[in-house]
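One structure is given below, encoded as structure tokens.
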Amino acid sequence: MLLELSEQWEEQMQVLNLQYPFRKMHPQTNNFGIGILSKKPLISSIIDFGKGFPPSILGKMEISGREVTLLATHPFPPVNQDKFEFR
């Protein structure tokens, strides 16, 4: 899982395409870009938890015959009381 993913970083990650062929990338210009890379088949989607929340990625894959669900999210840093409570 990649946090704070930018378009430039996503471009640099292209060298890993053969090693990690399954991916979901959502770069942004702020600190809340997000991505996921996998060697195993991955079903994934961008999740929007509502106004003010950064995007997250929900992914599902099979490991050792069992379905595994992953949730990649980047919470706000608790830099003040409002952000702490929002988080």
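The values are calculated or read from the model by the stated rules, or taken from the named source; none is laboratory data. Treat the numbers as computed from the prediction; the structure is a model and nothing was measured. Heads up, the Cβs are rebuilt from the backbone with ideal geometry, glycines too, and the neighbour counts pull from every protein chain shown. Side chains included, ligands, DNA and RNA excluded: accessible areas come from the protein's heavy atoms. Shrake-Rupley method; radii C 1.70, N 1.55, O 1.52, S 1.80 Å.
The table below gives the values:
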| item | result |
| --- | --- |
| Close pairs (9 angstrom Cβ cut-off, 6 or more residues apart or separate chains): of a type in the set (S, T, N, Q) in the range 10-28, assigned to a strand (DSSP E or B) and open to solvent by less than 70 Å² (accessible area, probe 1.4 Å) anywhere | 17/23; 19/37; 28/34 |
| Of residues in the range 39-87 being closer than 17 Å to residue 5 by Cα and β-branched (Val, Ile, Thr), the one surrounded by the fewest Cβ atoms within 10 Å (Cβ to Cβ) | 46 |
| Residue match in the range 73-85 (condition: at pLDDT below 95 and in a strand (DSSP E or B)) | no |
| Residue that is farthest from residue 41 (Cα to Cα), among those in the range 59-86 that are charged (D, E, K, R) and over 17 Å from the mean Cα position of the chain (by Cα) | 82 |
| Verdict on residue 15 being among the aliphatic types (A, V, I, L, M), open to solvent by 90 Å² or more (accessible area, probe 1.4 Å) and out of contact with any His (no Cβ under 6 Å at 6 or more places or on another chain) | yes |
| Count of the range 27-38 residues which are open to solvent by less than 90 Å² (accessible area, probe 1.4 Å) and over 16 Å from residue 70 (Cα atoms) | 5 |
| The lone exception for residue 70 - which of (1) without any contact (Cβ under 8 Å) to a residue 40 or more places away in the chain; (2) closer than 21 Å to residue 17 by Cβ it fails | (1) |
